Amino acid sequence: MTQARTFRHGIHPAEHKALTAGRLIERIAFPDEVILPLAQHIGAPSRPLAKPGDKVYRGQIIAAEGGFVSVPLHASVTGTVSAIAKHHHPNGSLADAFVIEVEQNSPQTLYDEHATDWEEMPPSALIEHIQRGGFVGLGGAAFPTHVKLAIPEGKHARWLLINGCECEPYLTSDHRIMLEWADSIFLGVRVLARILGAEKSFIAVETNKWDAIKTLVSRIPADLACELVPLETKYPQGAEKMLIKAVLDQEVPSGKLPIDVHVVVQNVGTVAGIGDFFAFGQPLIERVVTVTGPAIRRPTTLLVPIGTRLSNILEHCGGLTEDAREILFGGPMMGTPQQFLDVPILKGTSGIVCLTEEQVKSRQEYPCIRCAACLDACPIFLNPSALGSLARTARYDEMMDYNIMDCMECGSCSYVCPSNIPLVQRFRVAKGVLREKQARGKAA
Ligand code: SF4
Ligand code: SF4
């Protein structure tokens with residue numbers, strides 16, 4: 001093991017991980033009903049195969065992939081499709097979703113044995129199989145896993161980099177997975193390294209999780225070319241470009257992808273899920289979710305069927321406190337506030353963070369004092385101060401000259417700003433306007 005490495009810039013927000021870091025993963029009881037939106041990931045939504053009235057089985061494909069950048073959707077429970085209808089989606093929209101009434105007293109055994117002799121399968125068949133398993137990145141981005149594994153002509157993957165940073169405050173799902181499911185992780189690493197033909201794999205873990213580092217180091221199989229890399233604890237180290245810089249000292253240029261520097265990055269929870277898929281055939285039908293924050297009565301690390309309603313989870317965790325004010329899906333830096341308690345857990349829902357009135361009250365905004373704290377924080381060396389003043393006056397086109405589209409919306413600049421300027425919130429709006437403009441330009 002080497003000394004803890006890191007990237008330049010970034011921030012050190014309060015961690016708040018002790019609420020759940022020491023709690024074993026706990027399985028929630030199957031709810032009476034699950035809601036499975038067709039749009040669960042980046043790319044095209046899935047296309048329904050099952051119809052209202054159909055009996056479906058846990059692990060059965062009920063919607064096909066909608067294209068290459070898409071994956072099938074599986075029933076996360078055995079039951080009956082009662083409807084395919086519009087339902088509140090965690091992204092704030094109303095979206096088409098399967099509603100499945102769970103069969104009472106069903107043993108909820110898996111529909112199919114997907115387990116395969118993966119060592120005999122060619123990489124292309126393994127990639128197809130992973131797509132068929134419905135896998136997307138479980139760290140929050142929900143990008144279809146097989147797409148990252150299908151290396152474009154003329155490029156090659158030298159290294160497989162497993163992201164165990166979990167740098168968002170509060171979240172501890174990956175931490176628990178590394179402590180409790182090491183064998184699944186290493187099987188997943190084997191499969192992915194074989195697909196990629198990678199010469200070496202790395203698992204990067206921040207040093208606020210020493211117990212996970214020790215556990216994984218003690219369990220690395222002797223015949224696996226895999227190194228555990230401890231990283232300094234810093235946000236946003238889990239972002240791919242930061243992680244690659246920290247572990248491999250490689251810069252991914254603006255507009256380029258990790259594969260351009262011969263790296264494929266996968267989240268550690270995704271890798272564990274893939275290990276389980278090849279070990280005993282379970283597609284992506286459940287995930288680990290950190291339910292935490294000062295406004296939940298019993299912070300817990302939960303194993304949840306995809307499609308379980310937020311309300312079921314809050315109830316399982318003792319309910320909200322009197323002063324609860326906001327619920328986020330994801331962490332406090334990049335998470336999405338929820339308006340409705342009937343929204344379902346999606347494949348990409350890494351955490352539920354429940355915050356109090358005190359934590360979310362808006363703070364008065366003051367003029368920029370040109371302190372440069374935001375420049376020191378930005379991990380990709382943008383100028384958030386200049387971008388902020390352009391955004392305030394809606395001079396969005398000029399923001400292109402300052403590389404606004406490279407902003408990964410990590411929120412580090414807003415976090416450190418002593419004037420409480422909502423920088424990242426303005427950058428999100430600006431990027432949305434610019435994207436729309438680009439799309440209109442292309443269509444014309
Ligand atoms: S939100 Fe964008 S501008 Fe602000 S620190 Fe992160 S990457 Fe830089
Ligand atoms: S941190 Fe805030 S006050 Fe300081 S330069 Fe940046 S925008 Fe201005």
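The values are calculated or read from the model by the stated rules, or taken from the named source; none is laboratory data. It should be emphasised that the depicted structure is a prediction, and the values quoted were computed from it without experimental measurement. Glycine also receives a Cβ, built like all others from the backbone with ideal geometry; neighbour counts cover every protein chain displayed.
Scanning segment 353-380 for residues that are hydrophobic (A, V, I, L, M, F, W, C) and within 14 Å of ligand 2 (Cβ to nearest atom) yields C368, I369, C371, A372, A373, C374, L375, A377, C378. Exactly one residue out of G59, G43 is assigned to a loop (DSSP other than H, G, I, E, B), small (G, A, S) and modelled with pLDDT of 95 or more, and it is G59. Considering segment 17-38 alone, what residues qualify as being of a type in the set (A, V, I, L, M, F, W, C), surrounded by 16 or more Cβ atoms within 10 Å (Cβ to Cβ) and within 14 Å of R298 (Cα to Cα)? Answer for segment 17-38, where residues must be of a type in the set (A, V, I, L, M, F, W, C), surrounded by 16 or more Cβ atoms within 10 Å (Cβ to Cβ) and within 14 Å of R298 (Cα to Cα): L19, A21, I25, I28.
Assess whether S350 counts as being within 16 Å of ligand 1 (Cβ to nearest atom), of a type in the set (S, T, N, Q) and touching a residue at least 60 places away in the same chain (Cβ under 8 Å). So that I can check it myself, show each step before the final result.
Details: within 16 Å of ligand 1 (Cβ to nearest atom): no; of a type in the set (S, T, N, Q): yes; touching a residue at least 60 places away in the same chain (Cβ under 8 Å): yes.
Spelling it out, it is not the case that S350 is within 16 Å of ligand 1 (Cβ to nearest atom), of a type in the set (S, T, N, Q) and touching a residue at least 60 places away in the same chain (Cβ under 8 Å).
Only residues that are among the polar types (S, T, N, Q) and outside any loop (DSSP other than H, G, I, E, B) were counted in segment 100-156, giving 3. Checking each residue in segment 394-411 for being in contact (Cβ under 8 Å) with a residue 40 or more places away in the chain and either touching a Lys or Arg at 6+ places or on another chain (Cβ under 7 Å) or within 10 Å of ligand 2 (Cβ to nearest atom) (or both) picks out only E409.
Of all residues in segment 263-285, those satisfying the criterion of being over 21 Å from V205 (Cα atoms) and buried (at least 24 other Cβ atoms within 10 Å of the Cβ) are F277, F278, P283, L284, I285.
Checking the stated criteria, G79 turns out not to satisfy the condition of being in contact with a Phe, Trp or Tyr (Cβ under 8 Å, 6 or more places away or on another chain), modelled with pLDDT of 95 or more and either surrounded by 21 or more Cβ atoms within 10 Å (Cβ to Cβ) or assigned by TED's automatic domain parsing to the domain that holds T270 (or both). Being of a type in the set (A, V, I, L, M, F, W, C) and more than 21 Å from D342 (Cβ to Cβ) is the filter here, so list the residues in segment 278-302 that pass it. Answer for segment 278-302, where residues must be of a type in the set (A, V, I, L, M, F, W, C) and more than 21 Å from D342 (Cβ to Cβ): F278, A279, F280, L284, V288. In segment 319-345, the residues that are within 12 Å of Q359 (Cβ to Cβ) form Cβ pairs under 7 Å with partners that are modelled with pLDDT under 95 and in a loop (DSSP other than H, G, I, E, B), at six or more places apart or across chains, as follows: L328/G335.
Tell me, please, whether a residue that is under 18 Å from the mean Cα position of the chain (by Cα) and more than 30 Å from I327 (Cα to Cα) can be found in segment 110-129. Can you show your working first?
Filtering segment 110-129 down to residues under 18 Å from the mean Cα position of the chain (by Cα) leaves none.
No, segment 110-129 contains no residue that is under 18 Å from the mean Cα position of the chain (by Cα) and more than 30 Å from I327 (Cα to Cα).
Of the residues that sit in segment 375-432 and are closer than 21 Å to A141 by Cα and away from ligand 1 (no atom under 11 Å from the Cβ), which one is surrounded by the most Cβ atoms within 10 Å (Cβ to Cβ)? This residue is V429. Among the candidates H41, H16, H9, the residue that is over 21 Å from G133 (Cβ atoms) and out of contact with any helix residue (DSSP H, G or I) (no Cβ under 8 Å at 6 or more places or on another chain) is uniquely H16.
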